[in-house]
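Only one structure is covered here, and it is reproduced in the block below.
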């Protein structure tokens, strides 16, 4: 120990603002291993002298580290040097720390994929999950992406405690089909107030989707897609693709419409990119849709046919041929994967 000054304060210790106690706030508690995108438990802390200062340099997550503190020395001898996680690769939960100035930093969590963050939330306690959600809330789009990746149980859990205004902010940023699925999981009396707080365009899309059976093509489809008249040129279609803010999975195929705005054909983005005739009309380079679904078609039929035709996107139309939406393979897989398979093991296991 190095003393600064001539006096030693023997008074009772009081935590200062922003301080984290190694024993009370970290040891034995769970942390986020940002590098591995999983929760770990700090069974031991490793201190090191760095440039003359004693600092926390690592975290030992192994159960044996905890045993060393509990068992007689003779029982744990001979284990040698134990590996540990670099302190720079972990992030502690600080919600329990009584300091208003302290908050989990956003930047490091933002480096993770939304699905990885959702894994962490699902593996965490409610309080820990709230801290993660609250942190990523600094970026509304990332927060919405994380909500889309959460299982329905956790979506409802974290939306239930928000006001209608705050919940609507999350739903407004989500994809319309995912937002409709989430609203469908909420209590009936909560749905209408939430819908009224949404922008009218998002509200209209969600109300339309809620009108379909979730186990049909209409209930699964996304209302976001690119559809262009056949009189548009190839280079115009490419420009439209460059400008769109729609998710990548919904713009792998351009739908081609006739003069009455009914579906007349499709053309993949790959085919557009390969086209050497940039002034060619879309109606000249389109192909017939391999599959077209009606909104009442059952999911089993949709899945079987899309697998047979090896498709990633298929249009859904009404009886007159007007496009209502598209079914994407990622949404289809999410719907068909058994619930128990969705429990992501990686984040649940402590190192």
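Based on the alpha carbons, how large is the Rg to Rh ratio for the chain when Rh follows Kirkwood? Intermediate values should be presented prior to the final figure.
Values: Rg = 26.8 Å, Rh = 24.1 Å.
Ratio value, two decimals: 1.11.
Can you sort 25, 86 from fewest to most other Cβ atoms within 10 Å of each residue's own Cβ?
86, 25
Applying 1/(1 + (r/R0)^6) with R0 = 51 Å to the Cβ-Cβ distance of residue 151 and residue 7, what FRET efficiency is obtained, to the nearest 0.05? If you can, show how the numbers build up before the last one.
On the way: r = 57 Å, r/R0 = 1.12.
My answer for the efficiency is 0.35.
Taking R0 as 41 Å, what FRET efficiency do you get between residue 14 and residue 249 from their Cβ-Cβ distance, rounded to the nearest 0.05?
0.15
State the three equivalent ellipsoid semi-axes of region 227-336, derived from the C-alpha gyration tensor as the square roots of 5 times its eigenvalues, in descending order and whole Å.
24, 16, 12
By how many nm would the segment from residue 277 to residue 322 grow when fully extended, if each residue of separation counts as 0.36 nm and the alpha-carbon distance is taken off? Mind showing how you got there, number by number?
On the way: separation 45, 0.36 × 45 = 16.20 nm, distance 2.82 nm.
Here the segment from residue 277 to residue 322 would lengthen by 13.4 nm.
Where the convex hull is taken over the Cα atoms of region 114-211, what is its projected area averaged over directions, in nm²?
Taking a quarter of the hull surface, the average projection is 5.5 nm².
Using a cut-off of under 11 Å, list every residue of region 288-326 whose amide N is near the label point 7 Å from the Cα of residue 227 along the Cα-to-beta-carbon line.
The answer is 315-326, whose backbone nitrogens lie closer than 11 Å to the label point.
Neighbour counts of other C-beta atoms within 10 Å: give me 231, 328 arranged from fewest to most.
Fewest-to-most Cβ neighbours within 10 Å comes out as 231, 328.
Out of the DSSP beta bridges found with both residues in the chain, what percent are antiparallel (nearest 5)?
Around 90 percent antiparallel, to the nearest 5.
Between 245, 37, 180, find the one with the highest GNM mean-square fluctuation for the chain; connect C-alpha pairs within less than 10 Å.
Largest GNM mean-square fluctuation: 245.
For the Cα atoms of the chain, what angle does the longest principal axis make with the long axis of helix 234-243, in degrees from 0 to 90, nearest 10?
30 degrees
Need the full-extension length gain, residue 96 to residue 139, defined as separation in residues times 0.36 nm minus the C-alpha distance. One decimal, nm.
Between residue 96 and residue 139, full extension yields an extra 13.2 nm.
Coordinate-derived values only; no laboratory data. Everything numeric in this text was worked out from a predicted model, so none of it was measured. Methodologically, a virtual Cβ is constructed for each residue, glycine included, from the backbone with ideal geometry; neighbour enumeration extends over all protein chains shown.
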